[in-house]
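Novice: Have a look at the structure that comes next, please.
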Amino acid sequence: MSVFTDNFQSVLNAMGSAHAIHVSTDYINNVNLAIDSACETIKSEALRTRNVDIQFAKGNIAEAYHTGTFNVSAAAKGQADISAEMILNNKTGEDIRYGKLGSDEHIAELKYYATGEKTAKALNNPAYSSGDKIVPADQLDDVRQAASRESIRNAEIRPDVSDNYNHTAEHSSDRLEYDNVSSTPLSNQEAIDLTAELKSEESTDYDLNIEEFVEWSDIARESGQAALSAAAFSAALSAAPYLAKAIMNGIKDGELDIVSLSKGASAVATSTPQIAFRALIAAAILNSSKAGYCGEVMKELSPNAIGMATSMVINTISHSLKYARGDISGSEVALNSIKDAMALASGLYGATLGSFIIPIPVMGALIGNIIGSMVGATVFQYSHSITLGICVESGWTMFGFVDQDYQVSEDILKQCGFDLLNLQRFNQANFEPQRFQAQSIEIQTTNISFLRRGVIGISTVGYV
């Protein structure tokens, strides 16, 4: 196997984690951007109503809160085509529009009064009967019960009023909902406290937390998507060399190169599942860490650092399993781990550089990561060859990574004229003196061959 082929395979093995990290980072960034936007919306509404009494301003703050948290939920669920926005035209019954804006949108009216009965009464307006009605979370049951009572009471005497109350009973909710996206419920007291906090001169910035929106189901979904994306990308990379060879041979020979295509298909089938598994693990760790499920320390770590550590752990487990089966030696485990570290570190710098050179989300970082990892693996390969040369000349063991084994091999003993005894094929027989025949010794010119040291195995120096 050539140095390039060996290094390219190493890069492919690590590519799954790198790809998943970049895709997952993009997802986490989208959620954080939605959170920042939601906080700005709430703060802007608080500034606009700074001279309004808290009991009245809380409704405006609640509108901004439901709008902002709905948009964060959409980002957390990966629903880029779903959003919400406040309607600032003061038109009756139109506070918030949400859903797929422009194609399948809903209109909601929001009321936050002191009690559920007062909120239900405030919503009893014919202009509100064409949309949804959002009420405080702690008043939802009271609003529905009060509206049902009033609907029954007015059924005979005022049917139109009864219909309005019945609409309130059936369409009241404590959140905006569209498909699997919803805003965060807010009670009346929470709306008062939030408004008071934002109005306070000593108020600190109000912030939403990502762990309030990203659930384990979201982590599983995004990790699965990252794994599928990594699998598709790795399949293309694995098949590319064989496909190019098949095309070149086809042009040269005038017929389809079935052998190269078969090798390409085999390479894809072998590498893709492993890379998808690496991507799944890396994405799950990154998403859960950044969502706050692994503590604040992990939440603050660099995504690339998390990805590098994850890939190193997976590679180390793989090397350890091979060592346990006897496929590789202990020194090979150590050298492969060092090689992985260099490739991953180079890939990290390459990803950063690639993002600047190719300002395309995910793609620039991924291409930079692949190139950087290839450079790092190649540098290690040639550096190790130079180091082995020094070990050959000096007998240095490189801190135990290189074995100095000078046991004379069987090939050299045979060249020296020794008849080697194969114990497995040795047949024991009785010695009979009468059958013993002595042979005369023929003196010939003696040939002397000097042994030299060289590489006789992986990280092993001996006589060659």
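Novice: Restrict the check to the stretch 157-171 and report whether at least one residue is over 30 Å from LEU47 (Cβ atoms) and basic (Lys, Arg).
Specialist: Among the residues of the stretch 157-171, at least one is over 30 Å from LEU47 (Cβ atoms) and basic (Lys, Arg), which makes the answer yes.
Novice: Does the stretch 286-308 contain any residue that is small (Gly, Ala, Ser), in a helix (DSSP H, G or I) and modelled with pLDDT of 75 or more?
Specialist: Yes, some residue in the stretch 286-308 is small (Gly, Ala, Ser), in a helix (DSSP H, G or I) and modelled with pLDDT of 75 or more.
Novice: Under the condition of being open to solvent by 40 Å² or more (accessible area, probe 1.4 Å) and among the hydroxyl-bearing types (Ser, Thr, Tyr), which residue from the stretch 275-324 is nearest to PHE213 (Cα to Cα)?
Specialist: TYR293
Novice: Please verify whether ILE82 is farther than 23 Å from GLU170 by Cα, open to solvent by less than 50 Å² (accessible area, probe 1.4 Å) and among the β-branched types (Val, Ile, Thr), treating the condition exactly as stated.
Specialist: Yes.
Novice: Is at least one residue of the stretch 106-123 under 23 Å from ARG221 (Cβ atoms), touching a residue at least 12 places away in the same chain (Cβ under 8 Å) and either open to solvent by 20 Å² or more (accessible area, probe 1.4 Å) or among the aliphatic types (A, V, I, L, M) (or both)?
Specialist: No, every residue in the stretch 106-123 fails to be under 23 Å from ARG221 (Cβ atoms), touching a residue at least 12 places away in the same chain (Cβ under 8 Å) and either open to solvent by 20 Å² or more (accessible area, probe 1.4 Å) or among the aliphatic types (A, V, I, L, M) (or both).
Novice: State the number of residues belonging to the stretch 196-222 that are at pLDDT 85 or above, exposed (fewer than 14 other Cβ atoms within 10 Å of the Cβ) and either in contact with an Asp or Glu (Cβ under 9 Å, 6 or more places away or on another chain) or closer than 10 Å to ALA291 by Cα (or both).
Specialist: Total satisfying the criteria: 3.
Novice: Something else about it: Show me the strands (runs of 3 or more DSSP E) entirely contained within the stretch 56-169 in which 3 or more residues are closer than 16 Å to THR184 by Cα and of a type in the set (Ser, Thr, Tyr).
Specialist: In the stretch 56-169, there are no strands (runs of 3 or more DSSP E) which contain 3 or more residues that are closer than 16 Å to THR184 by Cα and of a type in the set (Ser, Thr, Tyr).
Novice: Further, regarding this structure: Look through SER271, SER320 and report the one residue that is of a type outside the set (A, V, I, L, M), at pLDDT 70 or above and in a helix (DSSP H, G or I).
Specialist: SER320
Novice: Which number in (1) surrounded by fewer than 21 Cβ atoms within 10 Å (Cβ to Cβ); (2) out of contact with any strand residue (DSSP E or B) (no Cβ under 6 Å at 6 or more places or on another chain) marks the one condition that ARG175 misses?
Specialist: (2)
Novice: From the list SER337, SER373, SER346, exactly one residue is modelled with pLDDT of 70 or more, closer than 18 Å to ALA305 by Cβ and open to solvent by less than 30 Å² (accessible area, probe 1.4 Å). Which is it?
Specialist: Unique residue meeting the criteria: SER337.
The values are calculated or read from the model by the stated rules, or taken from the named source; none is laboratory data. No experiment lies behind these values; they were computed from the predicted model shown. Note that we place each Cβ from the backbone using ideal geometry, even for glycine, and neighbour counts take in every protein chain shown. For the accessible areas, the whole protein counts, side chains as well, though only heavy atoms, and no ligand, DNA or RNA atoms are used. Shrake-Rupley method; radii C 1.70, N 1.55, O 1.52, S 1.80 Å.
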